[in-house]
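Enquirer: First, the structure itself, so that you have it in front of you.
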Amino acid sequence: MSTDVAFELVTLKGGGRSIRSKAHCETMHIGTDPRTEALELHVGQQRLAERVREWERPEPFVIWDIGLGPAGNAITAIEVISEVINSGTRENSTPVEIHSYEISTKVLEFALGHAGELEYLGGWETILRELLETGKASPAPLIDWRLHRGDFSRQPHDAPAPSVIFFDPYSPAQNSEMWNLETFRSMWGAVSAPGAPGCTMTNYTRSTSVRVTMLLAGWFVGTGVPTGEKEVTTIAANRLDLLKKPLDSSWLTRVRSSTNAEPMRGRNNERGPISPEDYARLIAHPQFLG
Ligand SMILES: C[S@@+](CC[C@H](N)C(=O)[O-])C[C@H]1O[C@@H](n2cnc3c(N)ncnc32)[C@H](O)[C@@H]1O
């Protein structure tokens, strides 16, 4: 096992290598290896290749990669999009923009120091160094990659409205500011503005309290695909018709009896049952009407 002050390399159950943050006591990826998780949970579930291929609007196709970390999701997405672009099967030639958000690039610097052991990083070292040094990179023709440094939960979201969001911070217990009502509300503001494209957001959680928080912030929320040892994850969207399995009235029944259904506010990570006022707001969400 390779060690550093803040991070260490670990071997996942499937044999792939990942990185563990010692401060957060959390490993960056779950399941078999970083690329498989990115493909299953984010890129595949969001039909990224098809949506880039079928994109017809005049503006760039935009992805928000929230929690760049060691760049597993971003690199996997860029590889898949490059294949689409190189195949010549796209209906137009508007660029694809990836906006990665990260509070500390130390983990990416650590990953670069261990690129030989982290298989998915092979061949990406020069592009990643350029991204770190200049805040932008062009990993392939028609793909622009930008790095937004700082605390995402406290920033105005000035990147263009996304079609796809990879939401991948640490867990709510370790990273409460990223999961609260205020953060999901400010993201909802970006994706619900007039003229914004259809948007989906994928995440590894299945927590009732996180789903309640997303709904109260405005998002439509559904059950996401399994990945690694997780049988269920979460996908949110700015339109109900973008969800294959929206949460329904049987889920609402479980919310009422759950001891972990209180929405997350501020940095308070204490969980409890939902209050009558919040439950009334929840059932008034358009997802549950009619
Ligand atoms: C689980 S890791 C991300 C793994 C990465 N997406 C990948 O595919 O390799 C979580 C990342 O979120 C970042 N993060 C946590 N809080 C943040 C915040 N408030 N603003 C921006 N980034 C944050 C962490 O620094 C960490 O790099």
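Enquirer: If we keep just the residues of the stretch 15-31 that are touching a residue at least 40 places away in the same chain (Cβ under 8 Å) and surrounded by fewer than 18 Cβ atoms within 10 Å (Cβ to Cβ), which is nearest to M201 (Cα to Cα)?
Expert: Filtering first and then ranking leaves E26.
Enquirer: What pairs come up if the first residue lies in the stretch 144-164 and is over 17 Å from P60 (Cβ atoms), the second is more than 14 Å from the ligand (Cβ to nearest atom), and their beta carbons are under 9 Å apart, counting only those six or more places apart or on different chains?
Expert: R149/G135
Enquirer: Can you find a residue in the stretch 149-156 that is away from the ligand (no atom under 11 Å from the Cβ) and surrounded by 16 or more Cβ atoms within 10 Å (Cβ to Cβ)?
Expert: no
Enquirer: Only one residue in S138, S153 is within 17 Å of the chain's Cα centre (by Cα) and either of a type in the set (S, T, N, Q) or not in a loop (DSSP other than H, G, I, E, B) (or both). Which one?
Expert: The match here is S153.
Enquirer: If we scan the stretch 32-52, do we find a residue that is of a type in the set (D, E, K, R), over 25 Å from T223 (Cα atoms) and more than 18 Å from the chain's Cα centre (by Cα)?
Expert: Among the residues of the stretch 32-52, not one is of a type in the set (D, E, K, R), over 25 Å from T223 (Cα atoms) and more than 18 Å from the chain's Cα centre (by Cα), which makes the answer no.
Enquirer: Another question, if that's okay. What number of residues within the stretch 1-55 satisfy the criterion of being of a type in the set (K, R) and in contact with a Lys or Arg (Cβ under 6 Å, 6 or more places away or on another chain)?
Expert: Summing the residues that are of a type in the set (K, R) and in contact with a Lys or Arg (Cβ under 6 Å, 6 or more places away or on another chain) in the stretch 1-55 gives 1.
Enquirer: Right, L41: within 14 Å of the ligand (Cβ to nearest atom), over 18 Å from I143 (Cβ atoms) and in contact (Cβ under 8 Å) with a residue 60 or more places away in the chain or not?
Expert: Yes.
Enquirer: I would also like to ask the following. Just one of A140, A173 is away from the ligand (no atom under 15 Å from the Cβ) and surrounded by fewer than 19 Cβ atoms within 10 Å (Cβ to Cβ); which is it?
Expert: Details: A173 fails: away from the ligand (no atom under 15 Å from the Cβ).
Answer to the selection: A140.
Enquirer: Would you be able to tell me the number of residues in the stretch 123-137 that are free of Cβ contacts under 8 Å to residues at least 12 places away in the same chain, surrounded by 14 or more Cβ atoms within 10 Å (Cβ to Cβ) and not small (G, A, S)?
Expert: 1
Enquirer: What are the residues in the stretch 182-219 that are among the aliphatic types (A, V, I, L, M) and either surrounded by fewer than 18 Cβ atoms within 10 Å (Cβ to Cβ) or within 11 Å of the ligand (Cβ to nearest atom) (or both), if any?
Expert: The answer is A193, A196.
Enquirer: In contact with an Asp or Glu (Cβ under 7 Å, 6 or more places away or on another chain), modelled with pLDDT of 95 or more and of a type in the set (A, V, I, L, M), is that true of I274?
Expert: Criteria met by I274.
Enquirer: Hey, another quick one. Which one of these is touching a helix residue (DSSP H, G or I) at 6+ places or on another chain (Cβ under 6 Å) and modelled with pLDDT of 95 or more: V62, V43?
Expert: Checking each option against the conditions leaves just V43.
The values are calculated or read from the model by the stated rules, or taken from the named source; none is laboratory data. The structure displayed is predicted, hence computed values, not measured ones. Note that we place each Cβ from the backbone using ideal geometry, even for glycine, and neighbour counts take in every protein chain shown.
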